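Structure record follows, encoded as structure tokens.
The values are calculated or read from the model by the stated rules, or taken from the named source; none is laboratory data. Everything numeric in this text was worked out from a predicted model, so none of it was measured. Every residue, glycine as well, gets a Cβ built from its backbone with ideal geometry; the counts of neighbours run over all protein chains shown.
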Amino acid sequence: MNMLLANGVSEIENMEKNVSKFASTLDKLWDKLIDFGISIIIAIVIFIIGKIVIKLVRKLIKNIFNKSSADEGAAKFVDSLVKFAGYVIVIIIICGQIGIETTSLITLLGTAGLSIGLALQGSLSNFAGGVLILLSKPFVIGDYVLINNVEGTVTKIDIVYTTLLTPDGKVIKCPNGEVSNNTIVNYSNQDGRRVDVKFSIHYDSDVEKAKSIVRDVIINSPYVIKEKDSDVVVMLLDESSVNMETRAWVEPVNYWNEYFYLTEHIKSELEKNDIVIPYNQLEVKVTNGN
């Protein structure tokens, strides 16, 4: 009888222990559910804030592109890239908040990014150069520029290439990585471009007369800007000639027209007025060997 009572008491005690453990487990599970719920709420708040921040950043970048003369495709590409990168950062933050291990994820993304970066090193360099050009705006569409010994009118600025149209009708694609790392000469930033045409006269010719003739050529040119001071100067007293040069100002678009006009008319007007233009001559003397 006593044994039966003892066994009954033992079973009751075991049952109480199991109930106590179950209640404790429920309490812990409830606490975890509460913590998880709080984490979910915080994650939702982070997502909403992140979405607002991404939207503001995209709007800022869009305004920058609108103020520039960048290509619409380039603007859309940068917008998509910013959107993608922004949401990746937000997702990583949310994963860390709800307890998901982010170290491996970040390592995986870093490894993938490094591999892609090495594979697309040239393209990424051009992309970075394109971003710098769009932000710093050393030139805009329509400017006449000299880049890496290539000159022409800028017709298009993409995120990877800048397109130039040369005076002889060639279309040249310049990688933006090289463009941003080279000296850029922009002939269109000012309200005029100076045309320098070199020519020479004989030492026996009248320098002042020659200067007066060339000044008249400049004044009569249909391309020269009359409001700007133009002149003719002596550049060098060479061995067999007096080397001179023009100083004529024109609109950038008329540079080559003025250059060809001056080259042709300077020669013809000097010759009309008996101003000798020297040229190299080879004298050969033949002597009798006897």
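Within the stretch 183-211, restricting attention to residues that are small (Gly, Ala, Ser) and farther than 15 Å from residue 252 by Cβ, the residue that is modelled with the lowest pLDDT is 205.
State whether the residues of the stretch 192-208 include one that is of a type in the set (A, V, I, L, M, F, W, C), farther than 25 Å from residue 137 by Cβ and out of contact with any strand residue (DSSP E or B) (no Cβ under 8 Å at 6 or more places or on another chain). Checked the stretch 192-208: no residue is of a type in the set (A, V, I, L, M, F, W, C), farther than 25 Å from residue 137 by Cβ and out of contact with any strand residue (DSSP E or B) (no Cβ under 8 Å at 6 or more places or on another chain). If you go through the stretch 68-97 and keep only what is at pLDDT below 75 and either surrounded by fewer than 13 Cβ atoms within 10 Å (Cβ to Cβ) or touching a His at 6+ places or on another chain (Cβ under 6 Å) (or both), you end up with 72, 73, 80.
Is it the case that residue 227 is without any contact (Cβ under 8 Å) to a residue 40 or more places away in the chain and more than 41 Å from the chain's Cα centre (by Cα)?
no
Within the stretch 271-285, residues that are farther than 11 Å from residue 240 by Cα sit with their Cβ atoms under 7 Å from residues that are at pLDDT 85 or above and assigned to a loop (DSSP other than H, G, I, E, B), at 6+ positions apart or across chains, in these pairs: 275/205; 276/202; 276/204; 276/205.
Among the residues of the stretch 272-281, are any at pLDDT 90 or above and not β-branched (Val, Ile, Thr)? Yes, the stretch 272-281 contains at least one residue that is at pLDDT 90 or above and not β-branched (Val, Ile, Thr).
Entry remark, the stretch 217-230: residues being exposed (fewer than 13 other Cβ atoms within 10 Å of the Cβ) and either at pLDDT 90 or above or among the hydrophobic types (A, V, I, L, M, F, W, C) (or both) number 3 in total. Where strands (runs of 3 or more DSSP E) sit wholly within the stretch 119-182, none has at least 2 residues that are modelled with pLDDT under 85 and of a type in the set (Lys, Arg).
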